[in-house]
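Enquirer: Supplied in structure tokens, the structure appears directly below.
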Amino acid sequence: MAVTLAAGTDEEGPKADTHELPTRRQSYWSLFVLTIVVMFTVLDRQILGLMIEPVKQDFGITDTQAALLLGAAFAFPYAIAGMPIARLADSCNRRNLVAACIGFWSIATCACGLAQSYFQMFLARLGIGAGESGYGPATWSIVTDSFPREKVAFGTGMLSIGGTVGGGLALFLGGAILAFTEHLPAVSLPFGGHIRPWQWAFIFVGLPGLVWALVVLTTREPNRRGAVKGVKNTVPVKQVAGFMGDNWRVYVAVIGGLCMKMLMGSGMNQWMPTFYHREFGWKIAEIGLIIGGMTLVIAPIALITGGKLSEWWMKRGTPDANLRIVLYGLIVGVPVSILTPLMPSPWLVLAMSAVSMFITALGTGPGIASFQIVTPNRMRAQVSSVYQFSTHVISLTVGPLAVALLTDYLFGDPQAIKYSLSLCAALLGPVTILLVWQGLKPYARAYERAVREGY
């Protein structure tokens with residue numbers, strides 16, 4: 001399939017970019033609002049990771065059942081709703097779609113705070129997954145059409161800061177709320193049941209999301225770059241699949257590599273609070289405050305550094321700079337991830353975790369920007385949904401579950417979680433490095449073609 005056809009050009013060659021951008025103020029206001037949206041997605045999704053021990057105790061569940069709450073309950077509806085909502089993002093008002101999504105998943109987050117059983121908690125997690133499946137393609141599409149092409153990587157990097165801040169806040173606020181509520185009695189509900197102390201965390205992080213859904217409506221829906229009046233904007237799924245098939249080595253490296261990277265990281269991130277509690281006897285609230293505070297400091301610095309490094313490298317004529325940053329980060333980060341849970345003291349674990357966190361975050365912005373800038377405009381939301389399916393559905397389902405299965409069935413001891421975490425990194429890390437490495441040359445060619453064809 002010809003790339004020029006996929007990009008919407010004609011036989012005379014690529015047209016000049018006459019896309020009408022929003023004003024600078026509108027663009028940066030949208031970027032700020034959408035960055036907070038991304039923060040809420042990660043905050044609402046990951047706060048459960050800090051609550052696993054009290055959830056297990058109150059609902060009487062195993063590590064494997066807890067892993068299903070962390071992963072599959074979120075990922076299953078995410079997988080079903082992702083592609084249909086992505087196609088909506090290619091044709092309807094994206095701003096309104098994002099507002100509807102954050103409102104829906106915020107209600108579902110509050111429902112976790114009202115759940116009276118494992119089954120009810122599972123249903124609420126299904127709602128979070130369904131709501132969050134729609135934010136990514138629409139958000140990335142808005143940012144892509146709100147800035148000049150050379151600024152898109154900056155925009156995606158800023159969105160990534162929202163994600164890492166959300167992860168840090170999930171731990172920090174969760175720890176603070178647990179410390180504040182742990183001695184409070186359960187609150188009875190008028191329709192039966194009661195709110196346990198740990199459940200307040202879900203209510204406190206869910207309610208602000210409902211307010212932010214209204215703030216999203218104050219942003220501007222930008223014009224679509226390359227859209228022609230009277231011409232259908234969406235591209236058939238078959239054509240998107242054909243383009244990705246023609247460039248399979250690029251997308252195996254970019255989407256497949258990032259999927260494996262997140263799969264390895266999600267198991268570590270979701271189970272590390274439990275690891276500190278079991279291995280070193282730290283209180284859950286204390287763990288949240290320490291790791292959350294560390295994330296809030298380190299991750300934004302690493303994300304900004306990664307974006308600047310990418311810009312510096314690309315200006316010096318390295319077309320595969322984004323993917324190289326991901327690769328070199330993996331080469332350093334995988335051994336660190338293997339050794340981190342095996343350290344003999346909690347402070348050594350924290351130090352190694354800080355190094356791993358910086359290296360991982362360094363490649364996040366360049367990783368997302370890498371597939372955005374080599375994909376034709378009218379395909380971006382649908383390709384983004386494939387990325388979301390891979391990195392969120394597969395990774396978030398398999399990552400936490402793999403650690404739990406190794407702990408429950410290979411080692412057969414909850415105290416052996418450190419070996420499960422280390423083994424997962426040792427098995428998945430080399431595969432991830434190979435996937436990214438094999439795509440360096442094809443990616444460089446794809447980037448040069450995208451510049452030449454003007455998409």
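Coordinate-derived values only; no laboratory data. Remember, predicted model here, so these are calculated numbers, not experimental data. Note: ideal-geometry Cβ built from the backbone for every residue, glycine included; neighbour counts use all protein chains shown.
Enquirer: Where in the chain lies the longest segment free of GluC sites (Glu not before Pro) that are both loop residues by DSSP (not H, G, I, E, B) and have at most 11 other Cβ atoms within 10 Å? Display every interim value, and only then the final one.
Expert: Working: sites that count: Glu11, Glu12, Glu20.
By the stated rule (loop sites, at most 11 other Cβ atoms within 10 Å), 21-455.
Enquirer: Read through the labelled values (1) 71, 49, 36; (2) 87, 47, 44; (3) 65, 48, 43 and report the label of the one computed as Cα extents along the principal axes in Å from the structure.
Expert: (1)
Enquirer: What angle, in degrees between 0 and 90 and rounded to the nearest 10, separates the Cα long axis of helix 94-112 from the longest principal axis of the Cα atoms of the chain?
Expert: Orientation of helix 94-112: about 10 degrees from the principal axis.
Enquirer: A follow-up question, please. Whole-Hz ³J(HN,Hα) for each residue in region 436-449, computed from phi via Karplus 6.51 cos²θ - 1.76 cosθ + 1.60 with θ = phi - 60°, x for glycine and proline: what do you get?
Expert: Coupling constants for region 436-449: 6, 4, 5, x, 4, 5, x, 5, 4, 5, 5, 5, 4, 5 Hz.
Enquirer: Here is a further query. Rounded to the nearest 0.05, what FRET efficiency do Gln415 and Val451 have when you use their Cβ-Cβ distance and R0 = 51 Å? Please report the intermediate quantities before stating the final value.
Expert: Numbers: r = 54 Å, r/R0 = 1.06.
So the FRET efficiency works out to roughly 0.40.
Enquirer: Angle between the Cα long axis of helix 237-246 and the longest principal axis of the chain, 0 to 90 degrees, nearest 10?
Expert: 80 degrees
Enquirer: Going down the list Lys283/Lys418; Lys261/Lys283; Lys261/Lys418; Lys261/Lys441; Lys56/Lys261, which pairs span over 22 Å between their C-alpha atoms?
Expert: Working: Lys283/Lys418 17 Å; Lys261/Lys283 29 Å; Lys261/Lys418 19 Å; Lys261/Lys441 20 Å; Lys56/Lys261 28 Å.
Long pairs (Cα-Cα over 22 Å): Lys261/Lys283; Lys56/Lys261.
Enquirer: Hey, how much of the P(r) for region 331-389 falls beyond 14 Å, as a percent of Cα pairs?
Expert: On the way: 1095 of 1711 pairs.
So the pairs more than 14 Å apart make up 64 percent of the total in region 331-389.
Enquirer: Would you mind checking which residues have amide H under 5 Å from Ile195's amide H? H placed 1.01 Å from N; only 5 or more apart, or other chain.
Expert: Sorted by chain and number, the residues that satisfy this are Val187, Ser188, Leu189.
Enquirer: So between Ser117 and Tyr28, what do we pick up on full extension, going 0.36 nm a residue minus the alpha carbon distance? Show your work: numbers first, answer last.
Expert: On the way: separation 89, 0.36 × 89 = 32.04 nm, distance 4.29 nm.
So the extension gain works out to 27.8 nm.
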